[in-house]
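Engineer: Encoded as structure tokens, here's the structure I'll be asking about.
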Amino acid sequence: MACRLDEHGQPRNLIFNRSRRINRGVDELIGLCKGMAADGVVNQTEAEALLKWLGANREISEQWPANVLYGRVCEMLVDGKLDAAEQAELLDTLNSVAGPIGSGPAPENMSTSLPLDDPPPDIIFEGRVFCFTGKFVSATRAECQSLVKELGGSVAKTPTQKTNYLVIGDLASRDWVHGSYGRKIEHAVRLKEKGFPLSLVAEQHWAEYVVEI
């Protein structure tokens with residue numbers, strides 16, 4: 001079968017082309033993050049360059065977790081100055097995002113391989129108990145906990161029989177059984193196996209419901 005090409009000689013399979021572009025773009029973004037974080041310091045010029053790249057690559061900056069990174073850098077530079085606290089926060093974010101990558105667009109250290117509910121459940125905040133573990137992209141764990149309380153839920157330090165959701169940070173490792181947060185996940189899985197209505201969900205899924213509210 002002849003391959004249909006556009007005026008630039010490229011295949012017209014837009015879905016395939018978009019997926020390939022996003023994969024390449026995310027790989028490039030990961031490389032940028034690693035380069036900026038390599039010396040342990042992020043300066044104003046580097047932050048502005050990152051913002052410019054994200055703005056010029058909107059197809060990538062709309063993907064998770066690049067969309068969160070884009071929003072944070074925008075907020076940090078809204079006054080035209082990257083102060084010391086913002087430098088430290090941005091460095092931590094870059095180190096989180098710049099994990100090792102696999103063949104797909106998602107970093108290998110993201111939570112897609114963890115024992116999450118499939119399909120993921122609807123998230124209800126009012127009157128529900130949440131527990132958080134792992135490293136988060138959208139906000140600090142304390143900020144996520146505060147948000148749950150604002151939306152009518154409560155927070156537990158560890159999963160119990162009364163916990164409704166264990167939210168796992170999207171930068172949790174595939175090697176989770178060896179991490180300190182792995183104890184919470186193991187305990188939650190045991191509770192679930194005993195029939196308690198506890199759901200294990202990824203940060204991204206949880207964050208989508210926060211945005212909708």
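Engineer: Among the listed pairs K81/K149; K52/K157; K135/K194, give every one whose C-alpha distance is greater than 30 Å.
Structural biologist: Pairs exceeding the cut-off: K81/K149; K52/K157.
Engineer: Could you tell me the calculated FRET efficiency between Y209 and E75, based on Cβ-Cβ distance and R0 = 22 angstrom, to the nearest 0.05?
Structural biologist: For R0 = 22 Å, the calculated efficiency reads 0.50.
Engineer: Order the peptides 77-86, 187-196 from the highest to the lowest mean number of other Cβ atoms within 10 Å of their residues. Don't skip to the answer; put the middle values down first.
Structural biologist: Values: 77-86: 11.7, 187-196: 14.6.
By packing density, highest mean first, the sequence is 187-196, 77-86.
Engineer: Here is a follow-up. Could you list F125, F136 in order of exposure, starting from the residue whose Cβ has the fewest other Cβ atoms within 10 Å?
Structural biologist: Sorted ascending by nearby Cβ count, the order is F125, F136.
Engineer: Sticking with this one: When the convex hull of the Cα atoms of the range 14-97 is projected onto a plane and the area is averaged over all directions, what value comes out in nm²?
Structural biologist: About 5.1 nm², averaged over all directions.
No value in this document is a laboratory result; all are computed from the given coordinates. Just so it is clear, the structure is predicted and the values come from calculations on it, not from any experiment. Cβ atoms come from the backbone with ideal geometry, glycine included; neighbour counts cover every protein chain shown.
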